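The values are calculated or read from the model by the stated rules, or taken from the named source; none is laboratory data. Owing to the predicted nature of the structure, the values given are computational and were not obtained by experimental measurement. Cβ sites come from the backbone with ideal geometry, for glycine too, and all protein chains shown count toward neighbours.
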Amino acid sequence: MTLDLLVVAPHPDDAELGAGGTLAKAARAGRAVGVIDLTQGELGSKGDPETRAREAEAAARVLGLAWRANLGLPDGGVADAPEPARALAALLRRTRPRVVLAPHPEDRHPDHVAAAALARRAVHLAGLARADVEGRPHKPERFLHYPGNAPVRPDLLVDVSDVIEVWEAAVRAFASQFEGEDVSETVGPAGLEARRALRRYWGNLAGVAYAEPLASPRPWLLDLP
């Protein structure tokens, strides 16, 4: 399997909330895209692992994902440590993504912060020929961060205007988190509306209807004609 784009998500629905429009746009363009959920979200106030797994499958169908899996790390205990890094590196070698998107390292959720560092370590390990990791070495061409629960300063914007309804449908596939009278504003309708409004804000800056921000740890090279 060779993926064009792989999103590393701490919990089910993080990929959709942070980079769902980018996933949908890439899939619509014929790219092979995937998501690796690090945990089952078992500590979440709403839903349970079985429900969230079904919702993740439904969201994958909405987005047109070619691949989705769960690493099974403990929710609330994601750590930048050797064992989970080797496990994630093995998946990177298996899926061989050209581009990897990971959570932004600046976030209020400890799992998101740890996932950013874990993904960076796994990307490094996956490319080392002598690393104790199953599979052939693989070095993604790009490693980028998508936002979570904190303001970010993006290095690039992805126009998601033509897939904004697909993005919202994918998020709403996680009905345990975004439907019902007892969901909190953080993850409920108000949270969804706020995230759509943020995409409208970034789109306005770029002169399009909606855009998703991404940050790059390394400078982008523009080769002028």
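Let me confirm something: among Tyr210, Tyr146, which residue is closer than 22 Å to Arg98 by Cβ, in contact with an Asp or Glu (Cβ under 8 Å, 6 or more places away or on another chain) and modelled with pLDDT of 95 or more?
One residue alone meets the criteria, Tyr146.
Please state which one of Arg108, Arg172, Arg136 is basic (Lys, Arg), closer than 21 Å to Gly41 by Cβ and touching a helix residue (DSSP H, G or I) at 6+ places or on another chain (Cβ under 7 Å).
Only one candidate qualifies: Arg172.
What are the pairs, 6+ residues apart or on separate chains, where a residue within the range 195-211 that is farther than 15 Å from Gly20 by Cβ has its Cβ under 7 Å from a residue that is of a type in the set (Val, Ile, Thr) and not in a helix (DSSP H, G or I)?
Here the result reads none, with nothing in the range 195-211 linked to a residue that is of a type in the set (Val, Ile, Thr) and not in a helix (DSSP H, G or I).
Inspect the range 63-83 for any residue being modelled with pLDDT of 95 or more, crowded, with 23+ Cβ neighbours inside 10 Å and of a type in the set (D, E, K, R) and give the result as yes or no.
Scanning the range 63-83 turns up no residue that is modelled with pLDDT of 95 or more, crowded, with 23+ Cβ neighbours inside 10 Å and of a type in the set (D, E, K, R).
Go through Glu168, Glu106, Glu181 for me and flag whichever is among the acidic types (Asp, Glu) and modelled with pLDDT of 95 or more.
Only one candidate passes the filter, namely Glu168.
With respect to Val113, is the statement that it is under 20 Å from Pro137 (Cα atoms) and among the aliphatic types (A, V, I, L, M) true?
So Val113 fails the test.
For Lys25, are the conditions met, namely being of a type outside the set (A, V, I, L, M, F, W, C) and modelled with pLDDT under 95?
Spelling it out, it is not the case that Lys25 is of a type outside the set (A, V, I, L, M, F, W, C) and modelled with pLDDT under 95.
Taking Pro225 and the conditions (1) in a helix (DSSP H, G or I); (2) loosely packed, with under 15 Cβ neighbours inside 10 Å, which numbered condition does it fall short on, given that it satisfies the others?
(1)
Take the conditions among the polar types (S, T, N, Q) and crowded, with 24+ Cβ neighbours inside 10 Å and apply them to Thr22. Does it pass?
Yes.
Only one residue in Glu134, Glu141, Glu193 is more than 18 Å from Leu63 (Cβ to Cβ) and modelled with pLDDT under 95. Which one?
Glu193
Output the residues belonging to the range 2-55 that are on the phi > 0 side of the Ramachandran plot and touching a residue at least 24 places away in the same chain (Cβ under 8 Å).
Hits for the range 2-55 are Asp13, Gly41, Gly47.
Considering only residues that are acidic (Asp, Glu) and in contact with a Phe, Trp or Tyr (Cβ under 7 Å, 6 or more places away or on another chain), which ones fall in the range 54-75?
Glu55
Exactly one condition in (1) surrounded by 18 or more Cβ atoms within 10 Å (Cβ to Cβ); (2) closer than 20 Å to Leu23 by Cα is false for Arg98; which is it?
Tallying (1) surrounded by 18 or more Cβ atoms within 10 Å (Cβ to Cβ); (2) closer than 20 Å to Leu23 by Cα, Arg98 fails exactly one: (1).
To keep it simple, each residue is scored yes or no on (1) β-branched (Val, Ile, Thr); (2) over 24 Å from Arg120 (Cβ atoms).
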residue: Met1; (1), (2): no, no
residue: Leu6; (1), (2): no, no
residue: Leu17; (1), (2): no, no
residue: Gly21; (1), (2): no, no
residue: Val35; (1), (2): yes, no
residue: Thr39; (1), (2): yes, no
residue: Glu55; (1), (2): no, yes
residue: Gly64; (1), (2): no, yes
residue: Val78; (1), (2): yes, no
